[in-house]
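Where a number appears in this text, it was derived from the coordinates with a stated rule and is not lab data. As the structure is a prediction and not an experimental result, all values here were calculated from the model. Note: ideal-geometry Cβ built from the backbone for every residue, glycine included; neighbour counts use all protein chains shown.
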Amino acid sequence: MTRMLIVGPAGSGKGTQSKRISEDLGIVAISTGDIFRVNIKEQTELGREAQGYVDAGDLVPDSVTNRMVEDRLTWEDAKNGFLLDGYPRNRTQVAALDEMLSRLDVSLDVVLELTADREELIMRLKKRAEIEGREDDADEGAIRRRLEIFDSETAPMIAEYDARGLVRRVDGLGPMDEVNARIMEALKS
Ligand code: ADP
């Protein structure tokens, strides 16, 4: 059983690799971005609350996001391990996750960090905008904002997990299969 996070900037391939890892390890992948997008599409209360932030590339307020994850982690399918994709994204969320996990009496095994350089990220996001039609990928301001938040809030958060000895860093450049093979290798060690 594995409890893990996948972290990395927008466009680093977290979503794609999460699906593969989830299948390979038999654990549920929980993507906060996907949950927000589904709720926005269905115009639920949560969706209406999140929409403005997601469109602008800003973080949805921690209180909203934390509550949503706390609920999701109590579902039956998360009892046998999970992969969190896109959460936590700042230190406040780390503290909230620490509390949730301690209440559930479990702990994290590994934090997988996917890296890629800025130019490659921007290129991938523009391509994804054409294929998937995500508005936050089609908008240059929203792309810039997401990458800024990664640098100012998420990178320091990863450093915190690194200090705990949990981080395995994997190069996200190259074909999907190759990246997946690197991840599987990194998870073994
Ligand atoms: P990306 O990694 O490409 O930015 P995601 O699907 O992970 O894409 O996230 C899309 C958007 O959803 C974010 O820009 C943000 O608005 C919102 N979001 C996702 N996860 C979180 C989180 N942990 N905290 C706050 N907002 C979040």
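List of remarks:
- Between the range 77-150 and the range 12-62, the C-alpha centres lie 9 angstrom from each other.
- Fraction of antiparallel bridges per DSSP, the chain only, in percent to nearest 5: 0 percent
- Other-chain or far-sequence residues with amide H under 5 Å of Arg169's (modelled H): Glu113
- Using the rule -39500 (n - 2.57) for each DSSP H run of four or more residues, divided by the residues of the chain, the 222 nm mean residue ellipticity is -17500 deg cm²/dmol.
- Neighbour-count ranking [beta-carbon atoms within 10 angstrom, fewest first] of Lys126, Lys188: Lys188, Lys126
- Amide H contacts under 5 Å for Phe82: Thr2, Arg3, Met4, restricted to partners 5 or more places along the chain or on a different chain, H placed in the peptide plane at 1.01 Å from N.
- At 1.002 mPa s and 20 °C, Stokes diffusion of the range 50-152 via Kirkwood alpha-carbon radius, µm² per second: 139 µm²/s
- Within-13-Å neighbourhood charge of Arg144 [Cβ basis; K, R +1; D, E -1]: -3
- Counting neighbouring Cβ atoms within 10 Å and putting the fewest first, the residues Asp137, Asp62 line up as Asp62, Asp137.
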